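Asks: Dumping the structure here so I can ask a few things about it.
The values are calculated or read from the model by the stated rules, or taken from the named source; none is laboratory data. This one's a predicted model, so the numbers in the text were calculated from it and none came from an experiment. All Cβ positions, even for glycine, are placed from backbone atoms using ideal geometry, and neighbour counts span all protein chains on display. In case anyone asks, the SASA skips ligands and DNA or RNA and just uses the protein heavy atoms, side chains included. Shrake-Rupley method; radii C 1.70, N 1.55, O 1.52, S 1.80 Å.
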Amino acid sequence: MRIAVFPGSFDPLTKGHEEIIRKAIPLFDKIYVAIGENANKKSCFSLDQRLQWIRQAFADESCVETAVYEGLTVDFCRKVNARFILRGLRNAQDMQYEKDIAEANRHLAPEVETVFLLSTPEIAHVSSSLVRELYHHHADYSEYVSYEL
Ligand code: ADP
């Protein structure tokens, strides 16, 4: 089984995340969209709400599962027997940041490979922080999120 973990905050899940997951579906047998819980990082939307949105978006995809984990992503990968970490890349800044995390993870767990998928240019500017900003100011976020917040 080719099992991948797509870790993130998903605060909230955006069309950018959705695109990466949909592109990854043909590549893996199972994808855990895994929310990393961090006591020091305050989220805007509740954990239950974030999980529900992910489940709703991928209700028709039996290979996509949701999960919540605390601690290191590589420890969660080992727990669910995942040999791949999936991450999305929007631009060069993402690349630099993601490369450092991937190197650190490789050091911790050499058996787990990080796989990067590029977002399409039309969706590369989408981020959860942009959606949160629009939501707070009662602005239209429907271009960036596929459901009602
Ligand atoms: P984190 O808090 O770990 O950055 P996010 O939920 O913001 O978590 O992002 C999870 C993953 O989704 C990251 O790999 C990020 O690069 C990717 N991602 C976020 N937005 C987009 C987008 N618009 N296009 C492609 N990948 C994206």
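Asks: Per the helix-only calculation at 222 nm, which mean residue ellipticity applies to the chain, given -39500 (n - 2.57) for every DSSP H run of n ≥ 4 and division by its residues, nearest 500 deg cm²/dmol?
Replies: -11000 deg cm²/dmol
Asks: For segment 51-149, give the percent of accessible area contributed by carbon and sulfur heavy atoms, probe 1.4 Å, rounded to a whole number.
Replies: Numbers: 3140 of 6230 Å².
Answer for segment 51-149 is 50 percent, counting heavy atoms of protein chains only.
Asks: Can I ask one more? Kindly express, to the nearest 10 degrees and within the range 0 to 90, the angle between helix 47-57's C-alpha long axis and the longest C-alpha principal axis of the chain.
Replies: 90 degrees
Asks: Just check segment 3-136 against the gyration tensor rule for me: Cα atoms, a ≥ b ≥ c as the square roots of the eigenvalues, rounded for a/c under 1.5, and otherwise prolate or oblate depending on whether a/b exceeds b/c.
Replies: It is rounded, given that a/c, with a ≥ b ≥ c, falls under 1.5.
Asks: What is the packing order of peptides 115-127, 22-34, taking the mean over residues of other C-beta atoms within 10 Å and listing the highest first?
Replies: Peptide ranking by packing, descending: 22-34, 115-127.
Asks: Roll a 1.4 Å probe over the protein chains and send me the accessible area per residue for the chain in Å².
Replies: Accessible surface, normalised per residue, equals 57 Å².
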